[in-house]
Amino acid sequence: MESLLAPSRYAMARDRIAVLVRRLGPYHAARLNALGERLGAGNVLAIEVCHRDSVYAWSDVESRQAFERTTLFSDESAAEPVATLWRRLEGVLDEAAPAAALVPGWSDPASLGMLRYCRRRSIPSVMMSDSTEGDSRRVWWREEIKRRVVSQADAMLVAGSRHVVYAERLGMPRSRITTGYDVVDNEFFCAGAERARQQPAVARARLGLPDRYLLTCSRFVEKKNHLRMISAYADYRRTTQTPPLSLVMLGDGPLRERCARLIAELGLTGHVHLPGFRQYEELPGYYGLAAAFVHPSTVDQWGLVVNEAAAAGLPLIVSETCGCAPDLVRESENGWTFDPTDSVELAGKLAKLGALSDAERRRMGERSLELIRDWAPNRFVQGATEAIGIARQSSLRRRNYLDLALLRALAGRRVARGN
């Protein structure tokens, strides 16, 4: 296979791309498999910081993949001392001798360590990001620090249109930014949803689902806006002129008990279902039997569950603050956006969806499928390879030792922690 990268004294006759991930999950595997299929499995190395963490309860990703994989630590606690983390990371990078590196974000100590390693050795680096201007309250001095960190990358691979704008505000020239970071395995969700629809009674009984329902899927944490979702759903049931849809809320987390109490207080027991966390392999069935998907988060850098729902062919009701909204939702074509702080507006969108005929919902779902085709794993491959090509042309910039010292200081103090 013809090489995409020119030889360097670190490539050692191989054009290996090193890709850092905090913890390897199914979303990473879909992207890295596609990249490995394009470049060759031996040319893509996933460096996983820890095999287990406290955030995601994913089952292990299968070891047979179209990419190589190495794990630095068994769990996140072992990765806490920055000196130990960097020593282990640099040892892996020394052995791998990558021709280029994909680095996630600007705040994690492992990312800062990999970025520093690349700058010291003039290895082309691509920073991957799905942060937007509206993710959180921006403080000027933190933004200035972030600018310095971003300037150490040679190119950026970001999620979508809002993310391009923020990357530019952080000083990355538009000519060095590509898109396609946040994608999922569309075929997996499309095929799985269709299987459930072919035998709906069997799938419904197996999963314990009501006949007609709206679906949400996220961790039960404050920013996912579950409590307001439940209140808006109660308003929708009180005011709708058509038979109301049930609500299924997949996921788990610290707010689940509060949600259960609110459901009981509002008289929604039997109408709102909390199946808990479900593994990746189970998700397509839940999507396939749903009437529509709702994502009410007040803050979400992108919202990969929206990709999943679109790939399953569902109408979408998505918070306007979600990073994916302008790219994946077309008003009245495949769904609607709404203000996540306005439960009345959300209730109105639920009522509008509930009033549609089955044929109208199918047409909206088909439009979701059309839109999501541009956001498949090959989009990640295209964006990553383009960014690597751009990075190669600027990776021989003169090193600034003050910036390298800044990266070390930030890793220890986590001053730039956050999106």
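Conditions first: (1) in a loop (DSSP other than H, G, I, E, B); (2) surrounded by fewer than 21 Cβ atoms within 10 Å (Cβ to Cβ); (3) in contact with a strand residue (DSSP E or B) (Cβ under 6 Å, 6 or more places away or on another chain). Gly267 passes all but one, so which condition is the exception?
Status for Gly267: all satisfied but (3).
Does the stretch 158-167 include one or more residues that are closer than 22 Å to Phe380 by Cα, charged (D, E, K, R) and surrounded by fewer than 23 Cβ atoms within 10 Å (Cβ to Cβ)?
No: zero hits.
I'm trying to understand the selection: among the residues of the stretch 94-108, which are more than 19 Å from Val158 (Cβ to Cβ) and surrounded by fewer than 23 Cβ atoms within 10 Å (Cβ to Cβ)?
Hits for the stretch 94-108 are Asp94, Glu95, Ala96, Ala97.
Report yes if Pro326 is touching a helix residue (DSSP H, G or I) at 6+ places or on another chain (Cβ under 9 Å), surrounded by 23 or more Cβ atoms within 10 Å (Cβ to Cβ) and touching a residue at least 40 places away in the same chain (Cβ under 8 Å), otherwise no.
Against the criterion (touching a helix residue (DSSP H, G or I) at 6+ places or on another chain (Cβ under 9 Å), surrounded by 23 or more Cβ atoms within 10 Å (Cβ to Cβ) and touching a residue at least 40 places away in the same chain (Cβ under 8 Å)), Pro326 does not qualify.
If I go through the stretch 109-148 residue by residue, how many of them are of a type in the set (A, V, I, L, M) and surrounded by fewer than 22 Cβ atoms within 10 Å (Cβ to Cβ)?
Result for the stretch 109-148: 2.
Restricting attention to the stretch 112-135, and to residues there that are within 17 Å of the chain's Cα centre (by Cα) and hydroxyl-bearing (Ser, Thr, Tyr), which single residue is nearest to Gly383 (Cα to Cα)?
Ser129
Restricting to the stretch 233-255, name every residue that is outside any helix (DSSP H, G or I) and more than 16 Å from Leu356 (Cα to Cα).
Once the filter is applied, which keeps residues that are outside any helix (DSSP H, G or I) and more than 16 Å from Leu356 (Cα to Cα), the stretch 233-255 yields Leu247, Val248, Met249, Leu250, Gly251, Asp252, Gly253, Pro254, Leu255.
Which of the following residues is in a helix (DSSP H, G or I), surrounded by fewer than 19 Cβ atoms within 10 Å (Cβ to Cβ) and either under 28 Å from the mean Cα position of the chain (by Cα) or assigned by TED's automatic domain parsing to the domain that holds Glu62 (or both): Arg206, Arg258?
Of the residues listed, the single one that is in a helix (DSSP H, G or I), surrounded by fewer than 19 Cβ atoms within 10 Å (Cβ to Cβ) and either under 28 Å from the mean Cα position of the chain (by Cα) or assigned by TED's automatic domain parsing to the domain that holds Glu62 (or both) is Arg258.
Which of the residues spanning the stretch 153-188 are farther than 13 Å from Arg31 by Cβ and assigned to a loop (DSSP other than H, G, I, E, B)?
Hits for the stretch 153-188 are Ala153, Asp154, Gly160, Leu170, Gly171, Met172, Pro173.
Hey, can you tell me all the residues within the stretch 73-94 that are among the aliphatic types (A, V, I, L, M) and more than 17 Å from Ser107 (Cα to Cα)?
Ala78, Val92, Leu93
Being over 23 Å from the mean Cα position of the chain (by Cα) and either closer than 12 Å to Thr216 by Cβ or not in a loop (DSSP other than H, G, I, E, B) (or both): is that true of Ala309 here?
Here the answer is no, as Ala309 does not meet what is asked.
So Val381 clears everything in (1) in a helix (DSSP H, G or I); (2) β-branched (Val, Ile, Thr); (3) outside the structural domain of Trp106 (by TED's automatic domain parsing) except one condition, right? Which one?
The single condition Val381 does not satisfy is (3).
Which one is nearest to Arg16 (Cα to Cα), of the residues in the stretch 101-123 that are polar (S, T, N, Q) and outside any helix (DSSP H, G or I)?
Ser122
The values are calculated or read from the model by the stated rules, or taken from the named source; none is laboratory data. Everything numeric in this text was worked out from a predicted model, so none of it was measured. Glycine gets a Cβ as well: all are built from the backbone with ideal geometry, and neighbour counts include every protein chain shown.
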